[in-house]
Amino acid sequence: AQLEHCPDGMERLLSDFCDMPLPDTSVDVVMFHFSICHTSELDTVMREVRRVLKEGGSLFINDMSREYGDNTLMQAVLGAK
């Protein structure tokens, strides 16, 4: 549903962020919007981001962050890990 909010003409990709179907060093920007909280494989995701980003590329993350306690509420509401 988030991809439908992208402006017309913007390239869109829906994939597993642990295994993006992109060549090495092929993108200028990677953006995660309320998605990183749904993985327990953050190290794998970050390695994949590094693989696909061009030298000098940017990573934007807009996501939930737990400040204290456990993830019980986030798991119940968002299915987050």
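Take the Cβ atoms of Leu13 and Gln75, set R0 to 30 Å, and the FRET efficiency comes out at 0.65. A 1.4 Å probe run over the stretch 1-49, with the rest of the protein chains in place, finds 74 Å² accessible per residue. Extension gain for the segment Asp28 to Asp63, taken as residue separation times 0.36 nm less the Cα-Cα distance, is 10.6 nm to one decimal. Would you tally the net charge around Val30, using a Cβ to Cβ cut-off of less than 15 Å, leaving Val30 out, and scoring K and R as +1, D and E as -1? After counting each charged neighbour, the total is -3. Computed on the chain, with alpha-carbon pairs under 8 angstrom and 6+ residues apart, the relative contact order is 33 percent.
Among the listed options [x] 130; [y] 88; [z] 111, the one matching volume of the Cα convex hull per residue in Å³ as calculated from these coordinates is [z]. Seen from Lys54, the other residues with C-beta closer than 10 Å to its C-beta sum to a net charge of -3, counting Lys and Arg as +1 and Asp and Glu as -1. Of the listed residues Arg12, Arg50, the order by accessible area with a 1.4 Å probe, largest first, is Arg50, Arg12. Would you mind checking the tilt of helix 42-52 against the longest principal axis of the Cα atoms of the chain, expressed as 0 to 90 degrees and rounded to 10? Taking Cα atoms only, the helix is inclined about 10 degrees.
The values are calculated or read from the model by the stated rules, or taken from the named source; none is laboratory data. All of these numbers come straight from a predicted model, not from anything done at the bench. All Cβ positions, even for glycine, are placed from backbone atoms using ideal geometry, and neighbour counts span all protein chains on display. Ligands, DNA and RNA are stripped out before the accessible areas are found, and what is left, the full protein with its side chains, is counted by its heavy atoms. Shrake-Rupley method; radii C 1.70, N 1.55, O 1.52, S 1.80 Å.
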